Each structure stands twice: as structure tokens, then as C-alpha cells.
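Peer 1: My structure is below; once you've seen it, I'll send some questions.
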Amino acid sequence: MGFMDQVKGIVDKGKDLAAQHPDKVNQAIDKVGDLADDKTGGKFADKVDSAQDAAKKGLGTA
């Protein structure tokens, strides 16, 4: 098993867990985004929001 196969396995596990607990995953993504906004004074809020949406979409929780 190569490195990329291991990474793919980890990503697949993450997606499976996200599918089982989408509400908790979305809350965690929102908290991280809020923390980033707080630490940057909201300077990159639009980029943070885009990243949050992409993370939720990528994990299938959006």
C-alpha cells in the first residue's frame, strides 16, 4: 500500500464519519471559521466563508 492509498483511506474514513454526524461536522467547521474571523478581525471573512462552504461541500455535509 502506497502513501497515496493511505491518504485516500484516511479521507474516505473522514467522509464516512462526516456522513454519520453531519451536524457535529458542520458545527466544528463553523467554530473554526469563527475563530479564524476573530483572529484576523474579520479581514478575510469572505475567504473564510468560502473555505467553510468548500469544506462542507467536500465532506458532503452541506
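Peer 1: Among Gln6, Leu17, Val48, pick out the residue whose Cα is farthest towards the positive end of the charge dipole of the chain, where Lys and Arg carry +1 and Asp and Glu carry -1 on C-beta, about the Cα centre.
Peer 2: The residue sitting farthest along the positive end of the dipole is Gln6.
Peer 1: Using 0.36 nm per residue of separation minus the Cα-Cα distance, give me the extension gain between Gln20 and Asp5 in nm, one decimal.
Peer 2: Working: separation 15, 0.36 × 15 = 5.40 nm, distance 2.27 nm.
Length gained between Gln20 and Asp5: 3.1 nm.
Peer 1: Arranged from highest to lowest average of other beta-carbon atoms within 10 Å per residue, in what order do the peptides 25-36, 2-13 appear?
Peer 2: Numbers: 25-36: 14.6, 2-13: 9.7.
Ranking, from highest mean packing down: 25-36, 2-13.
Peer 1: 222 nm [θ] for the chain, helices only, -39500 (n - 2.57) per DSSP H run of 4+, per residue, to 500? Display every interim value, and only then the final one.
Peer 2: Values: 3 runs with 52 residues, N = 62.
Dividing the helical sum by the residues of the chain leaves -28000 deg cm²/dmol.
Peer 1: For the stretch 29-36, in order, what is each residue's ³J(HN,Hα) by Karplus, 6.51 cos²θ - 1.76 cosθ + 1.60 with θ = phi - 60°, in whole Hz (x at glycine and Pro)?
Peer 2: Using θ = phi - 60°, the values come out as 4, 5, 5, 5, x, 5, 5, 4 Hz.
Every read-out reported here was derived from the displayed coordinates using simple, explicitly stated rules and does not represent laboratory data. From a predicted model like this one, the values you see are computed outputs, not experimental measurements. Neighbour counts run over all protein chains shown; Cβ positions are idealised from the backbone, glycine included.
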